[in-house]
Amino acid sequence: MSIKNKNNLLQNPEQRLALHLEQTPLAVIDWDTSFRVLSWNKAAEKIFGYSSEEAIGRHPSELINTENLKNEIDEIGKKLLQNTGSTRSSNENIRKDGKKIFCDWYNTTVVDNTGRIIGISSIIMDITERRREQDLLNAKTSLLKAFTRALPDVSFIYDEDGKYIEVLTVEEALLYAKSEVILGKSIFTIFPDKFARELHKVILDTINTNQAQIYEYKLNLPSGKTWFEARTSPMDMKVDGKKTIVWLAHDITASKKAEGKIKELLLEKEMILKEVHHRIKNNMHVISSLLNMQSMKMNNSELDSAFQDAISRINSMGLLYDKLYRSEDYGSLGVKEYLTQLSKEVLNIFPLVKNIRLEQQIDDLIIGPVIMFPLGIIINEILTNIMKYAFNGKDTGIIKIILKNNDNNVVIVIHDNGPGFPDGFNEDEQNGFGISLIRMLVDQLHGSFRMENDNGAKSIIEFCV
């Protein structure tokens, strides 16, 4: 048909209506007063499978309903003819190929100029797919309802726009609003915009990733502030063409309060530990000062040396408490930081320190005070012995401290470039206080200790952390 002919056609109202009836996706059927087909448009052919030629003059029971429904259909027709106006109904119909479909029917009586009913006009919409989706939704909703009756949780079905498709709960007190209020509404209508956008993001993330999401949120309910942990999951169905998800929200308010209480107790514990470390450090400083004052009055060099050794041991422990006091984690400390400062402080006790080069290669690892205390005293004893005996008669010296950590197996080597141990040295025969103390502390670490000559004296400690 040419454009000109089409334009002429559209200028005629009757022809325009006829064109519309042929192009609409809705089936349009005209019946006479005996309920026989007068007209049958293209959409009717598509929906029911009969051509117009096959349908004209036939009764609905011969076309789209079973024969045993003929009397029922005639009764509907009679009632419709007795009352001018229109009716609406949803029915199961049968196509030509025997397939069952569901249709919405809108029936209107047709009257002439005198008001006499001369027929019936029906507009029909195929709702089979929508009905199938609704049946699927109803089945899944029934299943969800069965589960939610046994769970102290709140469940929702949302579509991709955030609309409440279903509200499932036995605890109405856990809802932001009553179920009849929110059902069918959008989250953007129920909640403040910012919070609604957060919820909608979780919904979209669930749909777009096709994966479950976990989300914590807080609501101000009439019963008070309530925390929820939501777990979402995509659903393999659509409602009105929109994707859906299930949202299961569990009340975690009690666990949140317990978590807050635990944090308060931990903070209180940290403060107590900090104060304990601070007081011990101060007490050790007082003890060290008293011993130092007493040693200054000593005229016996041997006693003075013993006092200095004791002061050095106390200072090594005091340094550890000071480090623990200043650290963020009061139960552990970095080995590198502690041993680096400890070795320098031990060496600073001796006048020769300015001529001693200290070389350190220390792998850093975090350990607790149970290991750090004995380790600090061991290092203190070895360095003190080196400073006392390794560099006599020498103007300079080198001390190397190496700590290697291999899969929590720790090896510490302390090596000087002095004369080394004397000929015939047997470490098993060494019973001095310092060596005995080292052995005792190494045993506490379930480790091993040995001494050997290697261009100077070398002490090796090994233990596991």
- Task: Take Asp135 and decide whether it is within 25 Å of Ile64 (Cβ to Cβ) and at pLDDT 85 or above.
- Result: no
- In the set Lys404, Lys336, Lys388, the lone residue that is surrounded by fewer than 20 Cβ atoms within 10 Å (Cβ to Cβ), more than 41 Å from the chain's Cα centre (by Cα) and not small (Gly, Ala, Ser) is Lys388
- Restricting the stretch 425-465 to residues that are β-branched (Val, Ile, Thr) and within 20 Å of Asn409 (Cβ to Cβ), which is surrounded by the most Cβ atoms within 10 Å (Cβ to Cβ)? Ile438
- Note on the structure: Residue count, the stretch 450-465, condition part of a strand (DSSP E or B) and touching a residue at least 40 places away in the same chain (Cβ under 8 Å), comes to 8
- Taking the stretch 49-80 as the region of interest, how many residues are touching a strand residue (DSSP E or B) at 6+ places or on another chain (Cβ under 7 Å), in a helix (DSSP H, G or I) and at pLDDT 85 or above? 2
- Item | Qualifying residue in the stretch 230-239 (condition: β-branched (Val, Ile, Thr), assigned by TED's automatic domain parsing to the domain that holds Tyr158 and modelled with pLDDT of 90 or more) | yes
- Which listed residue is in a strand (DSSP E or B) and touching a residue at least 24 places away in the same chain (Cβ under 8 Å), from Ile399, Ile379: Ile399
- Task: Taking only the stretch 159-194 into account, find how many residues are in a helix (DSSP H, G or I) and of a type outside the set (Asp, Glu).
- Result: 10
- Message: Against the definition (in a strand (DSSP E or B), of a type in the set (Val, Ile, Thr) and either out of contact with any Ser or Thr (no Cβ under 6 Å at 6 or more places or on another chain) or crowded, with 17+ Cβ neighbours inside 10 Å (or both)), how does Ile245 come out, yes or no?
- Response: yes
- Query: Going by the conditions given, is Lys46 assigned by TED's automatic domain parsing to the domain that holds Val111 and modelled with pLDDT of 80 or more?
  - Reply: yes
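The values are calculated or read from the model by the stated rules, or taken from the named source; none is laboratory data. This one's a predicted model, so the numbers in the text were calculated from it and none came from an experiment. So basically every Cβ, Gly included, is an ideal-geometry build from the backbone, and we count neighbours across all protein chains shown.
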